[in-house]
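Student: First the structure, then my questions, so here it is.
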């Protein structure tokens, strides 16, 4: 069940939020998709659409030797709501990607997902998700190593500081992966260094939380899976940041 006590920080450090649903492309060999979904949700949630041309290269091999190479034009369809700063992309390879740079809470994607599921049901589309993933990219401004502990808990802050002690280091990123049955979690944190590959002299911090389920799920299961992924990502966020960061935001 979804956590009803999700915290909304007054100052949000999430610079990108991505919700991605990967559908088996072999299930999409129909003229209906994605046109019927776009027609269903366009006027209800978006005010602009784009058709993006992709040059796809196809290779054919025989006994591991390249036999031929051909190219073809395929298309991504992008729906845009400029006021809410959200995009919904229907990729040629079967991915449905929700993206925003103004995430506040999970309400920003819920309406879109409900419209998407409604369109799938109304048009009787027989599709299954091979993977559902949710990614939160947090960026914290940090002027020096002393301020790292302002954002991360003591253990994480110490790990980052130890990495930064290495001579001539140009990037200091740690990665952790978790396997919670069908739910997976990948967490990256540290100093990405916007001037990479130069030696680090800027200490802005990254916390990248990727929560995903790579088992097959029917559309009627998507909302529950997305809710579980959101809870998993949120709990990990609370687990790695400095609790005082939340306390200071709550008092503002």
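The values are calculated or read from the model by the stated rules, or taken from the named source; none is laboratory data. Not measured: the values here are computed from a predicted model. All Cβ positions, glycine included, derive from the backbone under ideal geometry; neighbour counts span all protein chains shown.
Student: Is at least one residue of the range 54-63 at pLDDT 85 or above and either touching a strand residue (DSSP E or B) at 6+ places or on another chain (Cβ under 6 Å) or not in a strand (DSSP E or B) (or both)?
Tutor: No, every residue in the range 54-63 fails to be at pLDDT 85 or above and either touching a strand residue (DSSP E or B) at 6+ places or on another chain (Cβ under 6 Å) or not in a strand (DSSP E or B) (or both).
Student: Then there's this: Just give me the residues in the range 197-227 being within 17 Å of residue 141 (Cβ to Cβ) and part of a loop (DSSP other than H, G, I, E, B), in sequence order.
Tutor: Of the range 197-227, the ones within 17 Å of residue 141 (Cβ to Cβ) are 200-208.
Correct list: 200, 201, 202, 203, 204.
Student: Further question: For the range 143-180, name all the residues that are assigned to a strand (DSSP E or B) and over 21 Å from residue 194 (Cβ atoms). Give the steps one after another, and end with the answer.
Tutor: Step one: list which residues in the range 143-180 are assigned to a strand (DSSP E or B), which gives 152, 172-180.
Residues satisfying the conditions are 176, 177, 178, 179, 180.
Student: For the range 131-139, does any single residue satisfy the condition of being assigned to a helix (DSSP H, G or I), surrounded by fewer than 18 Cβ atoms within 10 Å (Cβ to Cβ) and either touching a strand residue (DSSP E or B) at 6+ places or on another chain (Cβ under 9 Å) or assigned by TED's automatic domain parsing to the domain that holds residue 97 (or both)? Don't jump to the end; show me each part of the working.
Tutor: Quick first cut of the range 131-139, residues assigned to a helix (DSSP H, G or I) only: none.
Checked the range 131-139: no residue is assigned to a helix (DSSP H, G or I), surrounded by fewer than 18 Cβ atoms within 10 Å (Cβ to Cβ) and either touching a strand residue (DSSP E or B) at 6+ places or on another chain (Cβ under 9 Å) or assigned by TED's automatic domain parsing to the domain that holds residue 97 (or both).
Student: Among the residues of the range 182-190, are any exposed (fewer than 12 other Cβ atoms within 10 Å of the Cβ), at pLDDT below 95 and not in a strand (DSSP E or B)?
Tutor: Within the range 182-190, the subset exposed (fewer than 12 other Cβ atoms within 10 Å of the Cβ) is none.
No.
Student: Give the range 72-91 a look and list any residue that's in a loop (DSSP other than H, G, I, E, B), in contact with a strand residue (DSSP E or B) (Cβ under 8 Å, 6 or more places away or on another chain) and surrounded by fewer than 17 Cβ atoms within 10 Å (Cβ to Cβ), or say none. Break it down into steps so the answer makes sense when it comes.
Tutor: Narrowing the range 72-91 to residues in a loop (DSSP other than H, G, I, E, B): 82-85, 91.
Among the residues that remain, those that are also in contact with a strand residue (DSSP E or B) (Cβ under 8 Å, 6 or more places away or on another chain) are: 82, 84-85, 91.
If the condition is that a residue be in a loop (DSSP other than H, G, I, E, B), in contact with a strand residue (DSSP E or B) (Cβ under 8 Å, 6 or more places away or on another chain) and surrounded by fewer than 17 Cβ atoms within 10 Å (Cβ to Cβ), then 82, 84, 85 are the ones that fit.
Student: Please work out which one of (1) part of a loop (DSSP other than H, G, I, E, B); (2) closer than 18 Å to residue 137 by Cα; (3) modelled with pLDDT under 95 is the condition residue 246 fails and give its number.
Tutor: (1)
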